[in-house]
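The values are calculated or read from the model by the stated rules, or taken from the named source; none is laboratory data. Computed from a prediction, not measured in an experiment: that's the story for all the values here. Quick reminder, even Gly has a Cβ in these numbers, built from the backbone with ideal geometry, and neighbours come from all protein chains shown.
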Amino acid sequence: VWSECLNYIQAAIPKNDFRTWFEPIVPLKLENKVLTIQVPTYYFYEFIEEQYIKLVSRALREVIGAGAKLEYSVVMDQPTSPSPAAVPRINYGPAPSHPDLRNRVVDKKYSREEQPKIRNPFVIPGVKKLDIDPQLNSEYTFENFVEGDCNRLARSASEAVAKNPGKTAFNPLFLYGNSGLGKTHLGQAIGIEVKKRYPEKTVLYVSANKFTTQYTDSVAHNSANDFMHFYQMIDVLIIDDIQELAGKEGTQNTFFHIFNHLHQSGKQLVLTSDKPPVALKGMKERLLSRFKWGLPADLQAPDFDTRLEILWNKIRKDGIQISEDIVHYIASHITDNVRELEGALISLLAMSTLNKTEITFDVAKSVVDRLVSKPQKDITVEQILDKVCDYYGIKPELLQSRSRKREIVQARQVAMYFSKNFTNSSLSSIGALIGGRDHATVLHACKAVKNLKETNTEFKHQLKEIENLIRK
Ligand code: ADP
Ligand code: MG
């Protein structure tokens, strides 16, 4: 019955609205023409009452017939109501001529006038704005964020979002990339810029872990609804390291509703993650599909010139005395993490302050060499084979066999690619060690991997993960 109603409703409203407001509804039972549907939140119930009640009642009359009634069961009820099972009963029939069906809310507990506690700007206009600390660090501005090819898209999307929060195609803005490449910095920069341009907007930066803790605490204190209402008041919500929600179903469900509410009301969401949406594990499909609505923008490791500029920026800002060859040495040896790049400078500074000495090239070199995890020449083809097999979950024998299965061919090619780039072994010795192939096969493999890397972001990301494994 419900799916028939859905068909009716689906035909009448935009697809996105349907997905947001009707897909999450679970039909519970139909008894004596009373259909009970489960909605995730009190707000959901309210929104449907407010926006869609005529449509829903038409659908009910169409499918069930005159005299149809609808009952809601609210999963997350208001803390103030006596029992989460309490549901308003609404009578939709039989007279199709009722001017305003909303007046037929029977249960007084839920009449809107008596529920001023629902601080929901969408439903009750004119409510006082939240006054909250947005949790922003004033250092993390756009001005302090050095632009390079590695971050151009992410940076300009972030700026666009900060200028017109909620009004660009980037909603959610999904920033992803490895650790230390500036996700937190950019997320914060958006918050700072929005606050500068629109002081009246409510901005909140929160890590996914803190969000989770707050949620769990609110459940423990029976105030999950307050938690949800609080988040639904925010104009620009920045959640850092969203991958941390993996496997946390309760938090994911709540975030799902907050996401829908904010998105639906034109509020801006900014999410950061160490992986693109397609590669996130332990995340509900319906959340993932929303992550893909906006723009996933990646942050790559900076190239040499960008690394230099980041270093010089910091040196200028902190008034550090340091020679140019040392800066070059740092920039050429610390290649894939801006945090470590800055870390090297800070270590040097600390050391020279402690010892009251100048930073000499030798001291700098020893600090940097200690920070760089492992010099490449130490890596062997055998180690690479191990790590690649680990990563793909393939038995080493298979990789050495003649198998032409797709994933095995790919693993083999990746192992060849890293062997060529990370070791001093010749093409023919690499071929000999990996499946007994000749040097032309190895060369071909390297080209194939390079091509795929350039056209396929997901694959590129995998390569980066394998590289990290190998370097460990
Ligand atoms: P992530 O959140 O991706 O792990 P962060 O945003 O914490 O990385 O960045 C690590 C450090 O590097 C921070 O101090 C940040 O200011 C700095 N940083 C990263 N990218 C840049 C950049 N493009 N320009 C200037 N500083 C940067
Ligand atoms: Mg971070």
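A few points about this structure:
- Pairs with Cβ under 6 Å, 6+ apart, first in the range 185-198 and within 16 Å of residue 168 (Cα to Cα) and β-branched (Val, Ile, Thr), second more than 16 Å from ligand 1 (Cβ to nearest atom) and in a loop (DSSP other than H, G, I, E, B): 194/165; 194/201
- Filtered residue count, the range 261-276, keeping only those that are crowded, with 21+ Cβ neighbours inside 10 Å and away from ligand 2 (no atom under 16 Å from the Cβ): 5
To keep it simple, each residue is scored yes or no on (1) buried (at least 16 other Cβ atoms within 10 Å of the Cβ); (2) more than 34 Å from the chain's Cα centre (by Cα); (3) in a loop (DSSP other than H, G, I, E, B); (4) of a type in the set (Lys, Arg).
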{"site": "313", "(1), (2), (3), (4)": "no, no, no, no"}
{"site": "358", "(1), (2), (3), (4)": "no, yes, yes, no"}
{"site": "367", "(1), (2), (3), (4)": "yes, yes, no, no"}
{"site": "384", "(1), (2), (3), (4)": "yes, no, no, no"}
{"site": "387", "(1), (2), (3), (4)": "yes, no, no, yes"}
{"site": "399", "(1), (2), (3), (4)": "yes, yes, no, no"}
{"site": "409", "(1), (2), (3), (4)": "no, no, no, no"}
{"site": "413", "(1), (2), (3), (4)": "yes, no, no, no"}
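- Applying the criterion of being surrounded by fewer than 17 Cβ atoms within 10 Å (Cβ to Cβ) and among the charged types (D, E, K, R) to the residues of the range 35-60, the residue that is modelled with the highest pLDDT is 54.
- Within the range 315-328, the set of residues being surrounded by 15 or more Cβ atoms within 10 Å (Cβ to Cβ) and either within 16 Å of ligand 2 (Cβ to nearest atom) or outside any loop (DSSP other than H, G, I, E, B) (or both) comprises 315, 326, 327.
- Selection of the range 295-311 for residues being part of a strand (DSSP E or B) and touching a Gly at 6+ places or on another chain (Cβ under 7 Å) yields 298, 299.
- Members of the range 172-198 that are under 17 Å from residue 233 (Cα atoms) and either hydrophobic (A, V, I, L, M, F, W, C) or modelled with pLDDT under 95 (or both): 194
- Subset of the range 16-64 (residues that are farther than 14 Å from residue 261 by Cα, touching a residue at least 40 places away in the same chain (Cβ under 8 Å), part of a helix (DSSP H, G or I) and not acidic (Asp, Glu)): 52, 53, 54, 55, 56, 57, 58, 59, 60, 63
- Some residue of the range 158-167 being at positive phi, surrounded by fewer than 20 Cβ atoms within 10 Å (Cβ to Cβ) and away from ligand 2 (no atom under 16 Å from the Cβ): yes
- Candidates 301, 297, 220, 208, filtered to the one that is without any contact (Cβ under 8 Å) to a residue 60 or more places away in the chain and crowded, with 16+ Cβ neighbours inside 10 Å: 208
- Number of the exception - residue 171 against (1) within 16 Å of ligand 2 (Cβ to nearest atom); (2) in contact with a strand residue (DSSP E or B) (Cβ under 7 Å, 6 or more places away or on another chain); (3) among the polar types (S, T, N, Q): (1)
- Within the range 135-149, if we keep just the residues that are of a type in the set (A, V, I, L, M, F, W, C) and more than 16 Å from ligand 2 (Cβ to nearest atom), the residue that is farthest from the chain's Cα centre (by Cα) turns out to be 146.
- Filter pass, residue 435 being of a type outside the set (Lys, Arg), buried (at least 17 other Cβ atoms within 10 Å of the Cβ) and at negative phi: no
- Condition met for residue 419 (without any contact (Cβ under 8 Å) to a residue 60 or more places away in the chain and loosely packed, with under 15 Cβ neighbours inside 10 Å): no
- Subset of the range 181-209 that is farther than 25 Å from residue 248 by Cβ and in a helix (DSSP H, G or I) - its residue that is farthest from ligand 1 (Cβ to nearest atom): 197
- Within the range 324-342, the only residue that satisfies the criterion of being of a type in the set (Ser, Thr, Tyr) and either closer than 15 Å to residue 181 by Cβ or modelled with pLDDT of 90 or more (or both) is 335.
- Top-ranked residue in the range 219-260 [being part of a loop (DSSP other than H, G, I, E, B) and of a type in the set (S, T, N, Q); ranked as nearest to ligand 2 (Cβ to nearest atom)]: 223
- As a summary of the residue check, residue 330 satisfies the conditions (1) more than 15 Å from ligand 1 (Cβ to nearest atom); (2) touching a residue at least 12 places away in the same chain (Cβ under 8 Å) except for the one numbered (1).
- Members of the range 302-315 found to be near ligand 1 (Cβ under 10 Å from one of its atoms) and within 23 Å of residue 457 (Cα to Cα), listed by number: 302, 306, 307
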